[in-house]
Amino acid sequence: MSAFEILWIILTSVLGVQLIFALWNVTCLPKIRSFPADRLLHPDTLVSVLIPARNEKLHIEGCLESVLASDTSGFRMEVLVLDDRSEDETASIIQAIANRDARVRLLGGAEPPAGWMGKSYACHQLVQEAKGDWFMFVDADVRLEPEAIRQTVAAGCDQGRGLVTGFPYQVAKTWMEKLVVPMMVFTIISHLPIFMVRRSSSPLFVAATGAFLLIHRSSYEASGGHAAIQGDLVDDMSLAKAIKRAGHPVMLVDVHELVSTRMYQNGLEVWNGYKKNMYEGTGRRDVLLLGTLLMYTVMYLVPPIGLVFGLYSGSSTSMIYGIIGTLLGMGVKRVADQAGGQPWWLAWLQPISMACVIGIGMASWRAGRSGKGYVWKGRRYS
């Protein structure tokens, strides 16, 4: 047996272990509907739905309509929306809805002070006006099924305090969205031991999305809230880590059947959005990001490249192990896609998806290291 074949055996074995881990890991993700809302909720509980909105004229009406259609049996709800100095008709759309429904209140956002990230300061301002026991942060591009908030608050009540979050179903229409956006769930399912998110007090074991995030008031205050993470670009992950450092629990749940979002409208937004988050999401640690990208290249690009090489060169070793490795990688992607509600055929495009992620990751690293920074929604972040 040649060294070349031994390397192929090691690579396909690692991919096999990765697939087994992914299959087990998804079983550790609790379904949001599994929490008995009728038993857990108390009618005196007030939930503050907090929505930061900047230039969201395309989304804010649909978001608010879905929030206001929520089943609120077992709790009370207020809805605060902050117009974060929008340059479009966002504020007028919110005010028109507030005029029809007294539960909605429009707040005018101030310019972020020095050292603050825009969204974190918007969320901070919302909390200052909130009266609820629970803060339900919802992005303007999110759509909720009627039971979404009720079931999530039930999960929070079952936990007692802390933070509850889950990744929405990702609506993807352009090819760049389809290839890249579902890779968020792929990363979680492939690498994060989900059972440790709730069981471990270590901030190493967290995953969170600011698009749909519930926090108990006491936990928010104990963690220092957004003021404690004011300069962090990836605010959702930083907030979840702060909650754990304060000794409060974090739970990751499967919400994709009740919550959906279309985060980006085109390929350029996908590129810039992920570019903004990838390097920052690793804590600006070069070794972690570049090491991860190298691992992805070896695990998920080498097998299909080996398959193509085998087909052209006639190397049966490269062809056989290339097929095995490629199918195992697609299997991991399928497990993640099923967990996120994505169509089965996306798994067949896994090598292309991974190539896109690696490209964006390199662009994120270069922008962060060079000092050029990132541009998002008209603001530049360095």
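The single condition from (1) closer than 28 Å to Thr45 by Cβ; (2) surrounded by fewer than 24 Cβ atoms within 10 Å (Cβ to Cβ) that Gly162 fails is (2). Residues of segment 82-104 that are closer than 17 Å to Lys131 by Cα and either of a type in the set (D, E, K, R) or open to solvent by 50 Å² or more (accessible area, probe 1.4 Å) (or both): Ala102, Arg103. If the condition is being surrounded by fewer than 24 Cβ atoms within 10 Å (Cβ to Cβ) and either free of Cβ contacts under 8 Å to residues at least 40 places away in the same chain or in contact with a strand residue (DSSP E or B) (Cβ under 6 Å, 6 or more places away or on another chain) (or both), then segment 143-154 contributes only Arg143.
Taking every residue in segment 242-264 that is closer than 19 Å to Ile215 by Cα and pairing it with any residue that is assigned to a strand (DSSP E or B) and at pLDDT below 95, at least 6 positions away or on another chain, yields no pair with a Cβ-Cβ distance below 9 Å.
For beta carbons closer than 8 Å, sequence separation of 6+ or different chains, a first residue in segment 323-345 that is free of Cβ contacts under 8 Å to residues at least 60 places away in the same chain and part of a helix (DSSP H, G or I) and a second that is open to solvent by 20 Å² or more (accessible area, probe 1.4 Å) and aromatic (Phe, Trp, Tyr), the qualifying pairs are Met330/Trp348; Arg334/Trp344.
Out of the residues in segment 127-140 that are outside any helix (DSSP H, G or I) and over 16 Å from Ala69 (Cα atoms), state the one that is most open to solvent (accessible area, probe 1.4 Å).
Only one residue fits best here, namely Lys131.
Of all the numbered requirements in (1) outside any loop (DSSP other than H, G, I, E, B); (2) more than 21 Å from Phe35 (Cα to Cα); (3) open to solvent by less than 40 Å² (accessible area, probe 1.4 Å); (4) not polar (S, T, N, Q), Met176 misses one, and that requirement is (3).
Report yes if Leu107 is crowded, with 17+ Cβ neighbours inside 10 Å, in contact with a Leu (Cβ under 7 Å, 6 or more places away or on another chain) and farther than 20 Å from Arg150 by Cα, otherwise no. Taking the combined requirement at face value, the residue satisfies it. Of the residues making up segment 87-109, just one is in contact (Cβ under 8 Å) with a residue 24 or more places away in the chain, of a type in the set (Gly, Ala, Ser) and part of a loop (DSSP other than H, G, I, E, B), namely Gly109. When segment 209-240 is limited to residues that are of a type in the set (D, E, K, R) and modelled with pLDDT under 95, the one that is surrounded by the most Cβ atoms within 10 Å (Cβ to Cβ) turns out to be Asp236.
Considering the conditions (1) surrounded by fewer than 18 Cβ atoms within 10 Å (Cβ to Cβ); (2) assigned to a helix (DSSP H, G or I), Ala114 is excluded by exactly one of them, (2). In segment 55-63, the count of residues that are aliphatic (A, V, I, L, M) and touching a Lys or Arg at 6+ places or on another chain (Cβ under 6 Å) is zero.
Quick check on this structure: which one of Val259, Val234 is under 26 Å from Glu147 (Cα atoms) and not aromatic (Phe, Trp, Tyr)?
Numbers: Val234 fails: under 26 Å from Glu147 (Cα atoms).
Being under 26 Å from Glu147 (Cα atoms) and not aromatic (Phe, Trp, Tyr) holds for just one of Val259, Val234, which is Val259.
The values are calculated or read from the model by the stated rules, or taken from the named source; none is laboratory data. As the structure is a computational prediction, the values presented were derived from the model and not from experiment. Glycine gets a Cβ as well: all are built from the backbone with ideal geometry, and neighbour counts include every protein chain shown. When the accessible area is computed, the model is the full protein with side chains, heavy atoms only, and any ligands, DNA or RNA have been set aside. Shrake-Rupley method; radii C 1.70, N 1.55, O 1.52, S 1.80 Å.
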